[in-house]
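Some notes on the structure that comes next.
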């Protein structure tokens with residue numbers, strides 16, 4: 001089986017062949033840390049988390065780099081509004097990013113560099129670009145000359161004449177061409193600054209990714225990823241300055257995920273539909289949100305609506321209830337084995353082979369999610385037929401191999417149902433436990449009227465009690 005990825009640079013699917021057999025270098029543009037992340041950020045993070053997981057499941061050794069932009073106009077402006085230090089703002093939102101990603105099951109990248117950690121490398125690259133005639137300095141600012149790079153626009157498909165005709169960029173008399181972009185910005189009063197050959201200042205946004213990707217992965221590496229919104233100008237500019245400075249090929253495969261809209265409209269604070277990850281997690285279970293963001297092909301637009309998310313929630317609940325039924329029938333799954341082992345060399349015609357087939361085809365998570373639901377229906381049928389424990393164990397292992405790549409089914413069935421109820425704001429676990437203790441005391445005192453009243457109240461709250469030899473357990477009625 002052969003992995004294919006859609007390469008934005010060539011505008012077609014290509015067979016994925018890494019520079020070094022068995023090893024993959026992947027760089028993904030991270031977030032600018034001036035605010036909480038929204039669900040568009042979540043989609044990008046989850047897509048490339050799954051790509052990393054899948055490549056590893058298929059036997060590749062992956063080096064995954066995802067950066068933080070921790071010095072930028074937006075951070076400086078937010079700090080000014082709040083009367084705080086820009087560095088403190090950046091650190092606060094980096095912590096928030098990690099907290100949000102952990103809840104969504106997004107694993108940390110192998111390297112998570114910050115722009116401010118690589119200023120020296122950026123200064124060296126800017127000096128190289130000036131020496132080669134691709135950049136020029138004016139009053140402490142350094143600009144990249146797009147006309148000096150003949151291949152400018154090749155990644156995004158934009159032609160130089162189209163840029164000129166459709167120009168809406170702000171006028172800057174310092175630039176030779178309106179679309180020349182800043183490599184170094186002269187310091188303004190009160191802004192973060194570093195010393196450079198052109199005076200105190202800070203790097204332009206595009207410069208950081210060129211330097212950090214080459215630092216960790218070399219001048220030419222396998223995959224560069226990010227949201228579709230970064231294609232132009234950010235990735236176009238990254239590519240231009242990197243190839244000009246290093247003379248290499250830079251990224252060989254460019255992978256971009258599609259936009260997220262909310263109720264068919266682009267997210268905007270002015271429209272009141274700007275949905276942060278934390279807003280979404282107030283209402284939806286993290287795995288439900290994750291599965292929803294994988295339910296369409298990563299390159300297609302995805303419209304966020306409550307109805308669509310709740311449909312996925314119902315499906316995920318069915319999967320968890322099947323896992324509960326399996327556990328009652330054959331016991332708990334083993335925890336001392338590689339959950340993705342079934343995907344290494346799957347036999348033709350099996351579920352693992354089908355899963356690998358759709359994931360090999362440009363990471364088609366939409367089709368993969370459909371296969372999971374089909375597999376769950378098959379497992380329920382097999383349990384109804386009373387097949388052997390060995391067969392059911394194999395079926396469960398296959399299901400969990402796929403789920404591990406997608407980053408779902410990480411909880412016990414009971415914990416998932418409890419999480420659903422808590423996300424919906426229906427249940428308070430501490431209060432429920434107190435009421436169960438009160439009921440146990442009433443039963444011990446043979447106060448059956450009080451015990452029954454507590455049970456009825458819990459039922460009204462959506463709690464199902466199960467009395468057994470070991471005491472009383474409970475689960476949400478979802």
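Can you tell which of 237, 246 is surrounded by fewer than 24 Cβ atoms within 10 Å (Cβ to Cβ), in contact with a helix residue (DSSP H, G or I) (Cβ under 7 Å, 6 or more places away or on another chain) and within 25 Å of residue 123 (Cα to Cα)?
None of the others qualify; the one that does is 246.
The rows are residues; the columns are (1) part of a helix (DSSP H, G or I); (2) over 22 Å from residue 291 (Cβ atoms); (3) at pLDDT 95 or above.
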| site | (1), (2), (3) |
| --- | --- |
| 2 | no, yes, no |
| 14 | no, yes, yes |
| 27 | no, yes, yes |
| 40 | yes, no, yes |
| 43 | yes, no, yes |
| 47 | yes, no, yes |
| 54 | yes, no, yes |
| 63 | no, yes, yes |
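Could you tell me which of the residues 319, 379 is farther than 27 Å from residue 102 by Cβ and buried (at least 18 other Cβ atoms within 10 Å of the Cβ)?
None of the others qualify; the one that does is 379.
Answer yes or no: is there a residue in the stretch 216-224 that is under 23 Å from the mean Cα position of the chain (by Cα), crowded, with 18+ Cβ neighbours inside 10 Å and within 18 Å of residue 157 (Cβ to Cβ).
yes
Tell me the residue from 309, 288, 356 that is free of Cβ contacts under 8 Å to residues at least 60 places away in the same chain, surrounded by 13 or more Cβ atoms within 10 Å (Cβ to Cβ) and touching a helix residue (DSSP H, G or I) at 6+ places or on another chain (Cβ under 6 Å), please.
309
Here are some residues: 184, 198. Which one is touching a strand residue (DSSP E or B) at 6+ places or on another chain (Cβ under 9 Å) and more than 28 Å from residue 251 (Cα to Cα)?
None of the other options fit; the residue is 198.
Considering (1) surrounded by fewer than 20 Cβ atoms within 10 Å (Cβ to Cβ); (2) closer than 21 Å to residue 314 by Cα; (3) at pLDDT 95 or above, say which one residue 372 fails and leave the rest.
(1)
Given the conditions (1) part of a loop (DSSP other than H, G, I, E, B); (2) out of contact with any strand residue (DSSP E or B) (no Cβ under 7 Å at 6 or more places or on another chain); (3) more than 21 Å from residue 2 (Cα to Cα), which single one is not true for residue 271?
Checking residue 271 against (1) part of a loop (DSSP other than H, G, I, E, B); (2) out of contact with any strand residue (DSSP E or B) (no Cβ under 7 Å at 6 or more places or on another chain); (3) more than 21 Å from residue 2 (Cα to Cα), the one that fails is (2).
Please verify whether residue 70 is under 22 Å from residue 212 (Cα atoms) and either surrounded by fewer than 21 Cβ atoms within 10 Å (Cβ to Cβ) or within 16 Å of the chain's Cα centre (by Cα) (or both), treating the condition exactly as stated.
It is false that residue 70 is under 22 Å from residue 212 (Cα atoms) and either surrounded by fewer than 21 Cβ atoms within 10 Å (Cβ to Cβ) or within 16 Å of the chain's Cα centre (by Cα) (or both).
All but one of (1) surrounded by fewer than 16 Cβ atoms within 10 Å (Cβ to Cβ); (2) over 22 Å from the mean Cα position of the chain (by Cα) hold for residue 79, so report the exception by its number.
(1)
Quickly run through the stretch 418-453 and pick out the residues that are crowded, with 17+ Cβ neighbours inside 10 Å and over 18 Å from residue 320 (Cβ atoms).
Hits for the stretch 418-453 are 432, 435, 436, 439, 442, 443, 451.
Among the listed residues 92, 131, 117, which satisfies the condition of being surrounded by fewer than 18 Cβ atoms within 10 Å (Cβ to Cβ), modelled with pLDDT of 95 or more, under 30 Å from residue 286 (Cα atoms) and out of contact with any helix residue (DSSP H, G or I) (no Cβ under 7 Å at 6 or more places or on another chain)?
Answer to the check: 92.
Among the residues that make up the stretch 124-134, is at least one of them assigned to a loop (DSSP other than H, G, I, E, B), in contact (Cβ under 8 Å) with a residue 24 or more places away in the chain and farther than 30 Å from residue 416 by Cα?
Yes, the stretch 124-134 contains a residue that is assigned to a loop (DSSP other than H, G, I, E, B), in contact (Cβ under 8 Å) with a residue 24 or more places away in the chain and farther than 30 Å from residue 416 by Cα.
Check 280, 245 and return the single one that is under 30 Å from residue 132 (Cβ atoms), in a helix (DSSP H, G or I) and in contact (Cβ under 8 Å) with a residue 24 or more places away in the chain.
245
The values are calculated or read from the model by the stated rules, or taken from the named source; none is laboratory data. A quick note: this is a predicted structure, and the numbers were derived from the prediction, not measured. Methodologically, a virtual Cβ is constructed for each residue, glycine included, from the backbone with ideal geometry; neighbour enumeration extends over all protein chains shown.
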